[in-house]
Amino acid sequence: MVLKNDSACPHLETDENGIDRESESQHGNTSPVRQWIRESCTTGLLKRRLPFLQWAPKYTLRSIFHDCIAGFTVALTAIPQGIAYGAVAGLPVEYGLYTAFAGPFVYALLGSVRQITVGPTAVMALMTHEYAVKGGAPYAVVLSFLAGCIELMAGLLNLGWIMEFISGPVISGFCSAAAATVIVAQFKTLLGLKFPGSSFAKVFPGIITNWKDIKLWDTLLGFSFMLFLLLLKNLTHMRKACTTWSCLRNRHVSKAIWFVSTCRNALAVVLGCVIAYSFELYGYHPFNLTGEIKSGVPSFHLPPFSFERPISNSSLSNSTDPGFELVTFDTIVSDLGMGLVMVPLIAILEQVAIAKAFSNGGKTDSTQEMIAVGMGSVFCSFFGCMPLTASFSRSSVMSASGAKTQFANFFNGLVILIALSFLMPTFYYIPKSVLGAVIIVAVYSMIEFDEILPMWRGRRIELIPFGTTFFFCLLINIEYGILIGALVHLLLLAHEATRTKSSYVRYKKQGVGERIILRADRNLYFPSVERFRQALVRISSESIDDSTPKTIIIDMSRVSDIDHTSLKMLKAMLSSWEKGGDRYSFVNVSVNLEKNMLSVLPAGINILRAPTDSDTGGDSEDMEEAGALLAVSVSGKDTQDV
């Protein structure tokens with residue numbers, strides 16, 4: 001039987017997702033959960049978290065060609081830098097290459113910016129070195145895994161706002177100090193010196209102390225390649241300067257010059273190998289060589305959460321074999337310590353900053369970048385890699401090479417994988433001084449001394465966090481240096497917040513008495529309580545005529561929030577004014593602010609709300625006070641600061 005009565009069979013309302021609203025309402029407490037699931041599990045969110053779903057359906061053969069060229073070009077830069085950064089981290093150099101090939105594979109699928117490429121960087125290598133000295137390669141691999149987990153959780157929990165507490169001057173000071181530390185450490189290699197230490201405070205005095213041990217051949221080769229790399233780096237600018245040579249304006253010549261300039265690191269490494277091998281053929285050994293590099297693709301396995309290492313005293317109770325001790329996961333975490341906070345922090349900071357730099361003013365999905373770098377670090381740790389993040393120099397090459405999608409990172413990793421499989425015996429002959437020259441030329445532009453002059457011309461006080469961060473990172477520790485710099489800048493902001501500059505005007509009206517109108521210039525929080533209290537005491541203690549009571553009007557037009565400490569102070573001041581026979585009122589108070597104030601202040605205080613377009617009238621005395629306040633705001637010559 002078919003029922004046609006709508007009351008007997010009412011029309012079921014459904015939402016845009018096709019879910020029965022009536023049946024949903026009958027589930028009671030489960031509906032908010034279902035609502036959250038519906039709002040969270042959307043196609044748009046899925047595409048944001050898996051960015052390859054956005055570009056893969058539109059991928060063409062032309063895109064493959066451009067991505068392949070871009071990936072190959074970036075790999076020619078990533079291979080020598082990977083070898084060099086592996087050495088900077090105090091690890092066997094192949095660990096830098098492992099990081100250089102594994103990271104891009106993950107970013108190809110999860111990255112949100114097509115110009116970005118990830119891998120080992122100078123800053124990450126420098127921060128890893130401290131822990132590699134303690135526990136060798138296993139510590140670096142576990143650090144990569146744990147740092148990646150923290151980065152991934154930070155992205156999933158939308159904790160990117162923490163980065164906002166690290167200001168531009170602090171970041172500039174940190175990057176400058178890290179670059180200076182890397183450069184000084186590489187000068188030790190460039191000069192052929194061998195002594196313990198990698199920090200600025202140890203290497204700089206060590207170079208001076210051991211100057212007699214400087215090796216002439218390594219020094220000559222290193223400085224020659226520095227000049228060679230600087231020349232190739234500026235080759236494009238030199239071409240633009242030579243406007244008289246018509247051949248240089250040819251499109252194909254321009255591309256060839258750009259390619260040579262971009263691949264300068266690879267050319268330097270190849271040329272260095274040829275020079276060193278030529279000397280070896282004739283029985284000469286004038287250079288310190290990189291030596292044997294482990295060939296082949298690393299196996300996929302769990303990070304070493306516990307391992308055995310040799311010890312000098314074999315009688316320890318926890319030794320599992322004579323001369324060895326078992327290092328547990330708890331010991332590793334304890335030794336990594338502050339690195340578990342600072343390495344993820346700096347990795348996210350670099351990743352998001354570089355992503356914003358290449359977004360061309362568009363919106364950057366910081367959450368997705370945090371997820372991508374976190375997943376990359378976790379994935380890399382299964383291949384025995386060090387921590388990674390985005391590289392500005394290699395991302396610049398990727399952008400200039402014309403990458404169409406993030407899949408260019410796949411070709412980048414593939415080329416490095418091929419090099420690991422077949423070219424490692426050739427890299428035996430790379431002179432260490434050449435690698436030192438590659439690193440110095442790559443990181444010297446990170447020293448941001450050009451930021452000093454704009455800060456001096458603008459807000460000079462920001463030179464304090466810049467200088468604090470720079471010198472603490474340079475002379476003590478880069479991890480504590482950035483924390484101290486950020487803390488100093490936050491303290492400066494807190495101090496500035498206490499420097500309230502309230503203005504007031506005092507006048508006497510016939511038949512009414514003396515009136516004082518004071519305007520608070522900002523929100524009232526506990527750091528500024530004492531200064532604002534002193535302003536209130538001052539205006540109430542001074543008087544034109546002591547024979548008549550005063551009326552104190554506090555303009556709250558610039559105050560949108562006030563904390564409990566400030567309210568308690570106001571309550572005490574109002575009580576003292578009432579005892580002295582003075583009157584008071586608050587004007588231009590918003591609705592939310594009034595509610596906050598009445599939570600502590602007496603219910604009968606005189607409050608005039610901020611006028612709105614719908615207001616057509618009001619108390620005449622209050623309107624007169626509001627008119628007086630308008631006069632204060634437009635005639636600054638009659639106001640005084642307090």
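The values are calculated or read from the model by the stated rules, or taken from the named source; none is laboratory data. Just so it is clear, the structure is predicted and the values come from calculations on it, not from any experiment. Please note: Cβ atoms are built from the backbone with ideal geometry, for glycine as well, and neighbour counts cover all protein chains shown. Heavy atoms of the whole protein, side chains included, go into the accessibility calculation; ligands, DNA and RNA do not. Shrake-Rupley method; radii C 1.70, N 1.55, O 1.52, S 1.80 Å.
A simple count of charges around A266, restricted to other residues whose Cβ falls under 14 Å of its Cβ and scoring Lys, Arg +1 and Asp, Glu -1, yields +3.
Ligands, DNA and RNA excluded, the heavy atoms of D335 present near 50 Å² of accessible surface to a 1.4 Å solvent probe. The largest accessible area among S421, S306 belongs to the first residue in S306, S421, and the rest follow in falling order (1.4 Å probe, all chains).
Simple point charges give the picture: +1 on the Cβ of Lys and Arg, -1 on the Cβ of Asp and Glu, and for the range 150-223 a dipole about the Cα centre of about 420 debye. The dipole here belongs to the range 361-453: it is taken about the Cα centre, uses +1 on the Cβ of Lys and Arg and -1 on the Cβ of Asp and Glu, and is about 360 debye. The overall shape of the range 357-462 is oblate: from the C-alpha gyration tensor, with semi-axes ordered a ≥ b ≥ c, the ratio a/c is 1.5 or greater and a/b is no larger than b/c. When both the range 569-594 and the range 356-402 are represented by their alpha-carbon centers, they are found 55 Å apart. Taking the Cα centre of the range 73-196 as reference, the dipole from Cβ charges on Lys and Arg (+1) and Asp and Glu (-1) amounts to some 260 debye.
Accessible area per residue was computed with a 1.4 Å probe on protein heavy atoms; L45 scores about 50 Å². Each residue was assigned an accessible area with a 1.4 Å probe, and for F449 the value is about 110 Å².
Legend: residue pairs K501/K571; K508/K550; K188/K212, Cα-Cα distance threshold 18 Å; pairs beyond threshold, K501/K571. For K255, the lysines whose Cα comes closer than 26 Å to its Cα, not counting residues fewer than 8 places off in the same chain, are K233, K240, K404. For trypsin sites (Lys or Arg not before Pro), the sites in the range 432-482 that DSSP calls loop and that have at most 13 other Cβ atoms within 10 Å are R459. Across the range 440-453, rounded Karplus estimates of 3J(HN,Hα) from the backbone phi angles (6.51 cos²θ - 1.76 cosθ + 1.60, θ = phi - 60°) give 4, 5, 6, 9, 5, 6, 6, 6, 9, 6, 5, 7, 5, 4 Hz, Gly and Pro being marked x.
Assign one of three labels to the range 56-175, namely rounded, prolate or oblate, based on the Cα gyration tensor with a ≥ b ≥ c the square roots of its eigenvalues; rounded applies when a/c is under 1.5, prolate when it is not and a/b is larger than b/c, and oblate otherwise. Oblate, because a/c is 1.5 or more while a/b does not exceed b/c. Ranking of S502, S224 by solvent-accessible surface, largest first: S224, S502 (1.4 Å probe, protein heavy atoms only, all chains present).
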